[in-house]
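Single-structure report; data block below.
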């Protein structure tokens, strides 16, 4: 069955007209879509209209199956899709608004050696409606609505590679920005990519102008290819050219994510990174690597991360040590899902390949 949340408001409006219902029913159906609820939960929706739509369009696309709360106010969610697959999201409250990190795929095929998301490879892409449902579910949980948002910022940095699910992600970005969607400014949306250079250029050409975060994590091809297989077909020189193109087309400064661990934390690494980014309108987000039991890679002491940051700043590179939230709830993407699958004996649901040459 198709998903109601895969429809845009204009498509809903057209279906209402074709069925011969009054035009204002489109607003009511759209309210069901944005509130992430069942048709029966809408008190002003006639049974005839509910039955017409429910015969072809299921809702909601996902529900929150599990919530884990952190001491710092972060909450981690396990979203259950209608086909039984599960993905994760993290809610992070800040003084400037509430940020939700969402997933774009069930699993991931990028094969990064430090990440829990790709432990079992890629199962499938999420649809536009399933991504929208992640946001709407948390927005509703936190007391928000279409007109009064409880989620104000969105980060596409959960399980999956957003640009490997390009068409659905672009549709999702348009829907959350639409006034009949959640009407969230794209200036409040960040998209994180492992470095699919061609797709970065395509994203720049869409005119959506979201904040682009590139997961760099190493300053040389040799080191990056060892931890991120995507670098073999998207080497750093090609990736940097794509990032430059993104800035030229959008005017948005590119953020380079750098998860610091024992493999990439030397002063020589900091100097090489500074050389790579010198003269670019870019910023570095340093992240202390989250420990993933199945991967065995660990982060550093805070003083070591600070020393790395100071070396970058000394060489003229803008740098921030990102505040880590959700560490006590295994905030790194993929960890809760793996735990859930093991507890429910669902390992077979996560097939697929573990890497990519695209």
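The values are calculated or read from the model by the stated rules, or taken from the named source; none is laboratory data. This is a predicted model, so every value here is computed, not measured. As a convention, Cβ positions derive from the backbone with ideal geometry for all residues, glycine included, and neighbour counts pool all protein chains shown.
Among the residues making up the stretch 249-267, those that are touching a helix residue (DSSP H, G or I) at 6+ places or on another chain (Cβ under 8 Å) and within 27 Å of residue 209 (Cα to Cα) are 249, 250, 252, 253, 254, 256, 258.
When 74, 58, 50 are screened for being out of contact with any strand residue (DSSP E or B) (no Cβ under 8 Å at 6 or more places or on another chain) and either closer than 27 Å to residue 102 by Cα or not assigned by TED's automatic domain parsing to the domain that holds residue 102 (or both), only 50 passes. Listed by first and then second residue, the pairs with beta-carbon distance under 7 Å, at least 6 apart or on different chains, first residue in the stretch 116-135 and outside the structural domain of residue 151 (by TED's automatic domain parsing) and within 15 Å of residue 64 (Cβ to Cβ), second outside any strand (DSSP E or B) and modelled with pLDDT under 95, form an empty list.
Right, residue 111: in contact (Cβ under 8 Å) with a residue 60 or more places away in the chain, over 21 Å from residue 167 (Cα atoms) and assigned by TED's automatic domain parsing to the domain that holds residue 228 or not?
Numbers: in contact (Cβ under 8 Å) with a residue 60 or more places away in the chain: yes; over 21 Å from residue 167 (Cα atoms): yes; assigned by TED's automatic domain parsing to the domain that holds residue 228: yes.
Yes: the conditions hold for residue 111.
Scanning the stretch 254-284 for residues that are surrounded by 18 or more Cβ atoms within 10 Å (Cβ to Cβ) and within 22 Å of the chain's Cα centre (by Cα) yields a count of 9. Examine the stretch 19-26 for a residue that is touching a residue at least 12 places away in the same chain (Cβ under 8 Å), surrounded by 16 or more Cβ atoms within 10 Å (Cβ to Cβ), over 20 Å from residue 144 (Cβ atoms) and in contact with a strand residue (DSSP E or B) (Cβ under 9 Å, 6 or more places away or on another chain), and state whether such a residue exists. No; the residues of the stretch 19-26 include none that is touching a residue at least 12 places away in the same chain (Cβ under 8 Å), surrounded by 16 or more Cβ atoms within 10 Å (Cβ to Cβ), over 20 Å from residue 144 (Cβ atoms) and in contact with a strand residue (DSSP E or B) (Cβ under 9 Å, 6 or more places away or on another chain).
Of the residues making up the stretch 158-175, those that are surrounded by fewer than 22 Cβ atoms within 10 Å (Cβ to Cβ), farther than 19 Å from residue 118 by Cβ and in contact (Cβ under 8 Å) with a residue 12 or more places away in the chain are 170, 171, 174. Within the stretch 78-108, the residues that satisfy the criterion of being in contact with a helix residue (DSSP H, G or I) (Cβ under 7 Å, 6 or more places away or on another chain), farther than 19 Å from residue 191 by Cα and part of a strand (DSSP E or B) are 78, 79, 81, 86.
Count of the stretch 137-166 residues, restricted to those that are touching a helix residue (DSSP H, G or I) at 6+ places or on another chain (Cβ under 6 Å), part of a helix (DSSP H, G or I) and more than 19 Å from residue 210 (Cβ to Cβ), is 1.
Residues in the stretch 138-152 that are under 24 Å from residue 193 (Cα atoms) and either at pLDDT below 95 or surrounded by 20 or more Cβ atoms within 10 Å (Cβ to Cβ) (or both): 138, 151. Evaluate the stretch 301-321: report whether one residue or more is assigned by TED's automatic domain parsing to the domain that holds residue 125, at pLDDT below 60 and under 26 Å from the mean Cα position of the chain (by Cα). No, that holds for no residue.
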